[in-house]
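A.B. asks: Below is the structure I would like to discuss, written out as structure tokens.
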Amino acid sequence: MATQAALPNELYGTISGIIDQAAIQRIFGSFGFASQNGVLKAHVLFQSTGGGIGEGIALYNYFRALQIDLTLYNVGSVSSIAVVSYLGARHRKVSRHAAFMIHRTQTTTQAANTQTIKAFAESAVLFDKNTESILREHIKNLSAEKWAHFNHNDLWFSADDAVKCGLADEIVDFAPPAGARIYAL
């Protein structure tokens, strides 16, 4: 039986891909393992185009409650519900050439009957209320015009825009020190 190397108390890792049930199970398990093995601080490259709304909100709440001092780094694009998840981190960094995108809840009603369409609409209103509440809690310096644009269109943020409005703390690259192990979370 092979022995596993001890984890450092400051960990470097990556999270990339769609936020779905499998992803949050993997992320919860990885951070649980890290917590049980003495990790105190985690620097995590975060790259996602979004995913399930419930899963994204769960990840937001998990990141907020996490006892590990978590810093997430947007190194390319964090979009849709992944932005909400990103906001759960205690520290939020963005690379100079990275971007963020938020939008209202989207769903499809293809081949749906009227009752299914009604249920979709009700869930979309609830999801919009919840996600907008989280966004407004963190995004403090956004004009009324931008919020109005968000009501009907995708809203994009450059790294500079993200720092100005409070979405990210600062522009910093994900840069693990030489020799650091990088874990896929």
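The values are calculated or read from the model by the stated rules, or taken from the named source; none is laboratory data. Keep in mind that this is a model prediction, so the values were computed, not measured. Every residue, glycine among them, receives a Cβ derived from its backbone with ideal geometry; neighbour counts consider all protein chains shown.
A.B. asks: Where residues in segment 20-63 are of a type in the set (Val, Ile, Thr), more than 18 Å from Val94 (Cβ to Cβ) and modelled with pLDDT of 95 or more, which of them is farthest from the chain's Cα centre (by Cα)?
C.D. replies: The selected residue is Val39.
A.B. asks: Condition test on Arg104, is it at pLDDT below 95 and exposed (fewer than 15 other Cβ atoms within 10 Å of the Cβ)?
C.D. replies: no
A.B. asks: If I go through segment 63-106 residue by residue, how many of them are part of a strand (DSSP E or B) and of a type in the set (Lys, Arg)?
C.D. replies: Summing the residues that are part of a strand (DSSP E or B) and of a type in the set (Lys, Arg) in segment 63-106 gives 2.
A.B. asks: Please go through segment 139-164 and pick out each residue that is at pLDDT 90 or above and either among the aromatic types (Phe, Trp, Tyr) or touching a Ser or Thr at 6+ places or on another chain (Cβ under 9 Å) (or both).
C.D. replies: Trp156, Phe157, Ala159
A.B. asks: Name every residue in segment 7-27 that is surrounded by fewer than 19 Cβ atoms within 10 Å (Cβ to Cβ), touching a Gly at 6+ places or on another chain (Cβ under 8 Å), among the hydrophobic types (A, V, I, L, M, F, W, C) and farther than 19 Å from Ile68 by Cα, in order of residue number.
C.D. replies: Ile18
A.B. asks: Just to be sure I understand, how many residues within segment 150-182 are under 17 Å from Ile139 (Cα atoms) and not in a loop (DSSP other than H, G, I, E, B)?
C.D. replies: Residues flagged as under 17 Å from Ile139 (Cα atoms) and not in a loop (DSSP other than H, G, I, E, B) within segment 150-182 amount to 14.
A.B. asks: Something else now. If you go through segment 139-171, how many residues are exposed (fewer than 12 other Cβ atoms within 10 Å of the Cβ), hydrophobic (A, V, I, L, M, F, W, C) and farther than 21 Å from Ser80 by Cβ?
C.D. replies: Summing the residues that are exposed (fewer than 12 other Cβ atoms within 10 Å of the Cβ), hydrophobic (A, V, I, L, M, F, W, C) and farther than 21 Å from Ser80 by Cβ in segment 139-171 gives 1.
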